[in-house]
Amino acid sequence: MDISEEKTDGVMAVGLKGRLDALSAKAVEEKLLRMITAGETRMVIDLGEVGYISSIGLRVLLIAAKRLKAAKGQIAICAMQPPIKKVFEIAGFTALFKIFPTREEAVKALS
Amino acid sequence: MTAKKTSLALKNDVTELERVAVGLEQFGSEAGLSDEIVGELNLCLEEILTNIMFYGLEEGRDPESLAIELDLEVADAALTVQVRDNGKPFNPLESGEPDTDLPIEEREIGGLGIHLVRELMEELVYARDGDRNVLTMKKGV
């Protein structure tokens, strides 16, 4: 799992590349929580290059969302591939997150 | 889609999930399964296998003694998956941890993973067979 970051207008966009599963979840969770602890309150998680997400991956996103909410911050997900979007829908996550087709739109909405 | 069968023997180690992912891709390609079905199957198996590995052993038992077997078959427009393990009597569709001990994220996710399996697979049957747990899942393909 490769993790990239890009800050624009006070919004931190985190790009994930690879599988978000039991093997990569911990590293992603630690990275996201470190960012939130360091003061990021507006985050966009770009899933454009994530081809697989399991329930453990969903848990990481849920934890980040709750942590940001507690800090009165905002989170958005963008660029989900169709199979990822399907898992989100079955999991009921589309109701929990702001979702955008592109990073640009997500960043704009949060800035 | 072609009739196809394969088996995988897994150790009690989360890194075996990598081997499962590769094995599923290969099987899917040979059996003519769509990428979407392979991904969904992988998701279901990850959930079930991690439940077995985390919660399926009796206290004090040598973790290396837990063995898991995976059988996959595609025939007559159906995918059948059987997961067999020699752990304690345990249905991996039931999360092993009591709800009240878990923080809210774990509780939600524990139920979530199993919810995904139930939504993605069409038939789910658990049985205890001698000293084995046997979980059989089926989905039309």
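What follows draws every value from the coordinates through simple rules; no lab data is involved. Every value quoted in this text rests on a predicted model; they were computed, and no experiment measured them. When we count neighbours, we look across all protein chains shown, and the Cβ atoms used for this are built from the backbone with ideal geometry, even at glycine.
Taking all Cα-Cα distances within the protein assembly as shown, those exceeding 23 Å account for 53%.
Computed from the alpha carbon atoms alone, the convex hull of the range A:24-74 holds 67 Å³ per residue.
Kirkwood analysis of the Cα pair distances in the range B:1-41 returns a hydrodynamic radius of 10.8 Å.
Run the quick spin-label model on A:GLU6 and B:THR80: label points 7 Å from Cα toward the beta carbon, then report their separation in nm to one decimal. Result for the modelled spin labels: 4.9 nm. Directionally averaged projected area (the range A:56-111, Cα convex hull): 3.8 nm².
Could you sort out which of A:LYS69/B:LYS11; A:LYS26/B:LYS88; A:LYS69/B:LYS88 sit more than 32 Å apart by Cα distance in this structure? Mind dumping the intermediate values first?
Numbers: A:LYS69/B:LYS11 40 Å; A:LYS26/B:LYS88 28 Å; A:LYS69/B:LYS88 40 Å.
Result: A:LYS69/B:LYS11; A:LYS69/B:LYS88 exceed 32 Å.
Taking amide H as placed 1.01 Å from N in the peptide plane, B:VAL14 has no amide H partner under 5 Å among residues 5 or more places away or on another chain.
Placing +1 on each Lys and Arg Cβ and -1 on each Asp and Glu Cβ, with no other charges, gives the range A:30-94 a dipole about its Cα centre of roughly 280 debye. In order along the range A:44-55, the phi-based Karplus estimate (6.51 cos²θ - 1.76 cosθ + 1.60, θ = phi - 60°) of 3J(HN,Hα) comes to 10, 9, 8, 9, x, 10, 9, x, 7, 9, 10, 5 Hz; Gly and Pro are listed as x.
Along chain B, the exposed loop sites are GluC sites (Glu not before Pro) outside DSSP states H, G, I, E and B with at most 15 other Cβ atoms within 10 Å, and the longest stretch free of them is B:1-57.
What FRET efficiency comes out for A:ARG34 versus B:TYR55 if R0 is 30 angstrom and r is the Cβ-Cβ distance? Round to the nearest 0.05. Approximately 0.55, to the nearest 0.05. By the gyration tensor of its Cα atoms, with a ≥ b ≥ c the square roots of the eigenvalues, what is the shape of chain B: rounded for a/c under 1.5, prolate for a/b over b/c, or oblate? Because a/c hits 1.5 or more and a/b exceeds b/c, chain B counts as prolate. Spacing of the modelled spin labels on B:THR136 and B:LYS11, each 7 Å from Cα toward Cβ, amounts to 3.1 nm. Residues whose amide H lies under 5 Å from that of A:ARG42, counting only those 5 or more places away or on a different chain, are A:MET12, A:GLN74; hydrogens are built 1.01 Å from N in the peptide plane.
Looking at the square roots a ≥ b ≥ c of the eigenvalues of the Cα gyration tensor of the range B:1-75, which shape do they give, rounded for a/c under 1.5, prolate if a/b is larger than b/c, or oblate? Verdict is prolate for the range B:1-75.
Give me the dipole magnitude in Debye, nearest 20, for the protein assembly as shown about the Cα centre, with unit charges on the beta carbon: positive for Lys and Arg, negative for Asp and Glu. Kindly include the intermediate steps, with their values, before the conclusion.
Working: 30 positive and 44 negative charges, 173 e Å.
Result for the protein assembly as shown is approximately 840 debye, rounded to the nearest 20.
Ranking A:THR8, A:LEU68, A:PHE100 by Cα position along the charge dipole of the range A:1-108, where only Lys, Arg, Asp and Glu carry charges on their C-beta atoms, puts A:LEU68 farthest toward the positive end. Most simply put, the range A:1-80 has about 35% antiparallel DSSP beta bridges, counting only bridges with both residues inside it. In the range B:48-93, one over the average inverse separation of all distinct C-alpha pairs is 11.7 Å, which is the Kirkwood hydrodynamic radius. With bins 5 Å wide beginning at 0, the percent of Cα pairs of chain A falling in each bin runs 2, 13, 26, 28, 21, 8, 1. Applying the Karplus relation 6.51 cos²θ - 1.76 cosθ + 1.60 with θ = phi - 60° to the range A:68-78 yields 3J(HN,Hα) values of 5, 4, 5, 8, 6, x, 9, 9, 9, 10, 9 Hz, where x marks Gly and Pro.
About its Cα centre, how strong a charge dipole does chain A have in debye, to the nearest 20, once Lys and Arg get +1 and Asp and Glu get -1 at the Cβ? Write out the running numbers ahead of the final one.
Working: 17 positive and 13 negative charges, 80 e Å.
Result for chain A is approximately 380 debye, rounded to the nearest 20.
Taking only the C-alpha atoms of the range A:1-56, the Rg (one decimal) and the largest Cα-Cα distance, Dmax (whole number), read 11.2, 33 Å.
Kindly flag which residue pairs out of A:LYS66/A:LYS108; A:LYS66/A:LYS86; A:LYS31/A:LYS66 have an alpha-carbon separation exceeding 18 Å in this structure. Don't jump to the answer; show the numbers that get you there.
Values: A:LYS66/A:LYS108 22 Å; A:LYS66/A:LYS86 22 Å; A:LYS31/A:LYS66 15 Å.
Over 18 Å Cα-Cα: A:LYS66/A:LYS108; A:LYS66/A:LYS86.
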